[in-house]
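**Student:** Below: one structure in structure tokens.
None of the figures in this text is laboratory data; all of them are computed from the coordinates on show. On a predicted model such as this, the values are computed, not experimentally measured, just so you know. Reconstructed Cβ throughout: ideal geometry from the backbone, glycine too, with neighbour counts over all protein chains shown.
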Amino acid sequence: MSTASMGYGSVYQPSYDLPRLASLRRLRRACAILFAMPLMLLAAQAQTIYEPIPGDNPYIVEGVSETIVYALGHSLRINGTARNGAFAMGGDVIVQGIVDGDVAAIGGSVIQLEGARINGDVMVVGGTYRHADKEPLRSPGAQTIIYTGYEQELRNLMRNPKDLLAPHWSAAYIGLRLLAILFWFVVSLALTAAMPGTISRGITRLQLTLGRVAIVGVVGSLIIGPGVILSLRFLPYAVSLLVGLMALLLIVVALLFGRVIICAATGRWLQRKLLKNGSKSEAVALLLGTTFWITLSSLPYIWPLVVAVVLVTSLGLALTARYRVGWRRQES
């Protein structure tokens, strides 16, 4: 402090430290910025709760709809009231009004704008569930089910279903096909070495009674599919669960053994046609058959038919097989 004499009294004049004042001002400014950042983020989130996708023309529902509203391949916007729910495949469900039923989105998100209400459940596959209100207007017992991931892939698949039938050839796709060939070749070698008699009898049955095997496979598929669905609907939970597990086990075992038998039979046929004077080894036959069917199942537009043929034939082989029971009647 410095003192200056003036008449009968003394006046004290403070001497300020300018660098210290500058640092205090910077500290105060930093605290203000840190305090304002959450508010800015909240404001930005409130403003960007819904951003229209360029080129996306959503189907708009105005007024009151007494039926289920839906959109396939694009988004759905509900400005009025939907009495029986809403869903979108390949797009978002934007709710600005009221939805009394459930809301679902596959390959998109469910977006609840400010003041909107959803009285049913919310189910999202591939996207997210966003709401503008801090506490969204929902019924007390409503549930939210979200399976995140692959939103853009599911969106593209729903909007262009033909991409599923026509896979894009790339290095990754070719690598996966080569891994599939290696996997089924190893599985075929293991099953052939473990149960050569079963595989040999299956090949013989496939070559001699192909028509009967195909008919039995088709009939079995028509019985198993609707049968499992009806059991899940009408039978008790424990019984329907047991029936579903048994059907799944039958399909898995039939597909495993049936595919190996089909590959072995095809490989032997290719050996006779292509390698007339060559090797007749089982390994070469399995490799040829596995490569043939994996390549055939990779072709665009026909691979679902190939998969269906393999599945039906495998099921027919499993249902026409003869099983030996080791029970013998004891003689007195």
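**Student:** Any idea how far the Cα center of region 54-111 sits from the one of region 221-287, in Å?
**Tutor:** What the calculation gives is 41 Å, centre to centre.
**Student:** Place a point 7 Å from Cα of A180 in the direction of its Cβ. Which residues in region 306-320 have their backbone N less than 15 Å from it?
**Tutor:** Under cut-off, by backbone N: 306-311.
**Student:** Shifting gears a bit: With r defined as the distance between the Cβ atoms of L72 and I215 and R0 fixed at 51 Å, what FRET efficiency is calculated, to the nearest 0.05?
**Tutor:** E(calc), rounded to 0.05, equals 0.90.
**Student:** So which GluC sites (Glu not before Pro) in region 102-207 end up in coil per DSSP with only 15 or fewer other C-beta atoms within 10 Å?
**Tutor:** Those that pass, being in a loop and sparsely packed, are E114.
**Student:** Could you work out how far apart the two model spin labels at S281 and L250 are, taking each label as a point 7 Å from the Cα in the direction of the beta carbon, and quote it in nm?
**Tutor:** 3.9
**Student:** What translational D, rounded to a whole number of µm²/s, comes out for region 163-319 from Stokes-Einstein when the hydrodynamic radius is the Kirkwood one over Cα pairs, at 37 °C and 0.692 mPa s?
**Tutor:** 193
**Student:** Oh, and also: With the contact rule set at Cα under 8 Å and sequence spacing of 6 or more, what percent relative contact order holds for region 59-160?
**Tutor:** That works out to 21 percent.
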